[in-house]
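Worksheet for the structure shown next.
Where a number appears in this text, it was derived from the coordinates with a stated rule and is not lab data. Bear in mind that the values here come from a model prediction, so they are computed numbers and not experimental data. Quick reminder, even Gly has a Cβ in these numbers, built from the backbone with ideal geometry, and neighbours come from all protein chains shown.
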Amino acid sequence: MGILQGFLDALVGLYYDSGLVDLSWKNYLMMGVACVLLYLAIKKQFEPLLLLPIAFGMLLVNLFPDIMASPSTTMMPLADYLAEHLADFNNTPVETLINEANLQSTLESISYAKTNIDGQWYVNVPQYGGLFYYLYQGVKLGIYPPLIFLGIGCMTDFGPLIANPKSFILGAAAQIGIFVTFIVATLLGFTNAEAGSIGIIGGADGPTAIYTTTLLAPHLLGPIAVAAYSYMALVPLIQPPIMKLLTTKKERAVVMTQLRPVSKLEKILFPIIVTILCSILLPSSAPLVGMLMLGNLFKESGVVDRIFKTAQNELMNIITIFLGVTVGATATGDVFLRLDTLKIIALGLAAFCLGTAFGVLFGKLMYIFTKGKVNPLIGSAGVSAVPMAARVSNKVGQEENPGNFLLMHAMGPNVAGVIGSAVAAGVLISILG
Amino acid sequence: MTTYHASAEPNMSVIILITGFVVVFAVLILLIGIIMAYSKIVSSAQNASQKRKAKKQAQQAEISSVEEAVSEPVSSAPASDGSLDLQTVAVITAAVDAFYGDSKVRVVGIRPTSGSNTRSQWATAGLIESIPKMRSEGLL
């Protein structure tokens, strides 16, 4: 009978410990969202390297919210603490340990902080944080984004941009969405700093969005990071309708002339010059632009093969895993399903769409000024999201003309967009930080 | 979560909008100018160095062709069977003709001597020095 009772008690205890009791409908709804994102990542392959860890982090945190719990201290009455740790005191009875003669020496032998409230002693027992809490510190302290930029720099070929520097215009145009969204966000009641962090989603650059938000509005980091990365992953869904809406069939079918070859010396000088210029004019953009260009210099110099390979493979992959799961883990039901978060998601989408639209519209201007030599579709690639946005430009172009290869032409605005969004972030941080 | 409030300074938002817009474009346009400028400088420097290289190569090619021309007779040494090739015969005939001037001398045969030259270098030098004298005295 006693065994059966013990068994039932254990089952009841397990039930109360399980998520079936603690989780709310919000958690279940977010689990559904996570499963949809997992489907998009695995079945549709929308940026799976990002979306899969984000979605799984989201799923995990809604199943077990304590995985993101921050460290804390519990104030435990001294007698209770001693009862739990009798072995540390040679099994001396608690009454003996806390009597007037031994109290002082007992308190001194406890390594944790002690508090006396109304003559009653408490021990401040530390509770360690969840796994993702510690991994998340790299996001919170702004460490991961510049490291991700280092890896991106290693993987980026700035050749198309150097061959056609006018692409910078398209990279700048796509950042207009950031500033227009900023105004809309302030009108919706967000502070300037919050609005700046929301607007930067329009840069379609996850690391930049995280870095900016960390400095301007850290309390919005979760929703902004999830929105930025989700939209980056959903580039193939979001951009094509806007691109088609703003261009004619004739414009989309434009075949661009081949780019000139770029010498090695030009490629080596590029990261050095960009770093010097951006860091002097906008010092707050130095961590992002500097790491991006350092990675690129690793690649182009050709003399640091080992660290170049590490930065673009192992380091980048590790940081991507940590960043992905922890960003996803910020999307708990309680935090995410709020009106403010929904506003941020909507504004982020607007910023992204506006960035795409302004890029395409400037592409159209270049089409007119060059008398039809520039395909406006490459303008949409100005919203960073390397290289997905360039791939989308290429794909939409090939739908009109299967023999048209716009990829290299779109890579110019695409990498210009990375620099452009980092510069825009620098402007916002300088003014609002 | 934070409590949102309307921006205290609406003008500030517009200032940020304009500043951001202008600065982003200004920095990127500046980059366009710098990239164009340094691309030109690099390509002109590389063109100049290529031209120098090409010129040097042309000079080297000229020198080597001359060297080849000079070294060719040397390389066309007597064949191992003792006969001489036509170029060597022509050079020796021309040298003999130049040495004897208008005199009715005809080269009727050239035959490699067997073994090494037995005349010492000093004796050869003496012979060469005495040739003009012998010619003036009508001995040659």
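Using C-alpha pairs below 8 Å separated by at least 6 residues, the relative contact order for chain A is 25 percent.
Between residue A:114 and residue A:83, 0.36 nm times their residue separation minus their Cα-Cα distance comes to what? Residue separation times 0.36 nm, minus the Cα-Cα distance, leaves 9.6 nm. Long hydrophobic helices in chain A: the complete DSSP H runs spanning 27 Å or more by Cα along their own axis with mean Kyte-Doolittle hydropathy of at least -1.0 are A:339-369, A:407-432. Projecting the Cα atoms of A:91, A:177, A:285 onto the dipole axis of chain A, where Lys and Arg carry +1 and Asp and Glu carry -1 at the beta carbon, places A:177 farthest toward the positive end. Ellipticity at 222 nm from helices only: DSSP H runs of n ≥ 4 in the protein assembly as shown, each -39500 (n - 2.57), divided by the residue count, give -22000 deg cm²/dmol.
Shape class for the stretch A:133-432: oblate, because the ratio a/c of the largest to smallest gyration tensor axis (alpha-carbon atoms, square roots of eigenvalues) is 1.5 or more and b/c is at least a/b. A Förster distance of 30 Å, applied to the separation of the beta-carbon atoms of residue A:94 and residue A:21, puts the FRET efficiency at 0.35. Remark: the protein assembly as shown carries a charge dipole of roughly 3260 debye about the Cα centre, counting +1 on each Lys and Arg Cβ and -1 on each Asp and Glu Cβ. Averaged over the residues of peptide A:272-283, the number of Cβ atoms from other protein chains lying within 10 Å of each residue's Cβ is 2. Packing here is the average count of other Cβ atoms within 10 Å per residue, and on that basis the peptides A:294-301, A:39-46, A:19-26, highest first, run A:294-301, A:39-46, A:19-26. Per-peptide packing, taken as the mean over residues of other Cβ atoms within 10 Å, places A:233-243, A:339-349, A:104-114 in the sequence A:233-243, A:339-349, A:104-114 from highest down. A simple packing score, the average count of other Cβ atoms within 10 Å per residue, orders the peptides A:174-183, A:392-401, A:142-151 as A:174-183, A:142-151, A:392-401, with the highest score first.
Is the stretch A:293-378 rounded, prolate or oblate when judged by the Cα gyration tensor, a ≥ b ≥ c being the square roots of its eigenvalues, rounded requiring a/c under 1.5 and prolate requiring a/b larger than b/c? Since a/c reaches 1.5 but b/c is at least a/b, the shape of the stretch A:293-378 is classed as oblate. Using a/c under 1.5 as the rounded threshold, could you call the stretch A:44-144 rounded, prolate or oblate? The axes a ≥ b ≥ c are square roots of the C-alpha gyration tensor eigenvalues, and prolate needs a/b larger than b/c, oblate otherwise. Prolate shape, in that a/c is at least 1.5 and a/b is the bigger ratio.
Shown is the FRET efficiency for residue A:137 and residue A:338, computed with R0 = 22 Å from the Cβ-Cβ distance and rounded to the nearest 0.05: 0.35.
The alpha carbons of the protein assembly as shown occupy a box of 145, 73, 49 Å along the principal axes, longest dimension given first.
In this structure the amide hydrogen of residue A:73, modeled in the peptide plane, comes within under 5 Å of the amide hydrogens of A:127, none closer than 5 places in sequence on its chain. Ignore the peptide's own chain and count Cβ atoms of other chains within 10 Å of each Cβ in A:260-271; give me the average, rounded. For peptide A:260-271, the averaged partner shielding equals 3. Shown for A:219, A:409: other C-beta atoms within 10 Å of each C-beta, ranked fewest to most, produce the order A:219, A:409. Within 10 Å of the Cβ of each residue in B:12-22, the mean number of Cβ atoms contributed by other protein chains is 6.
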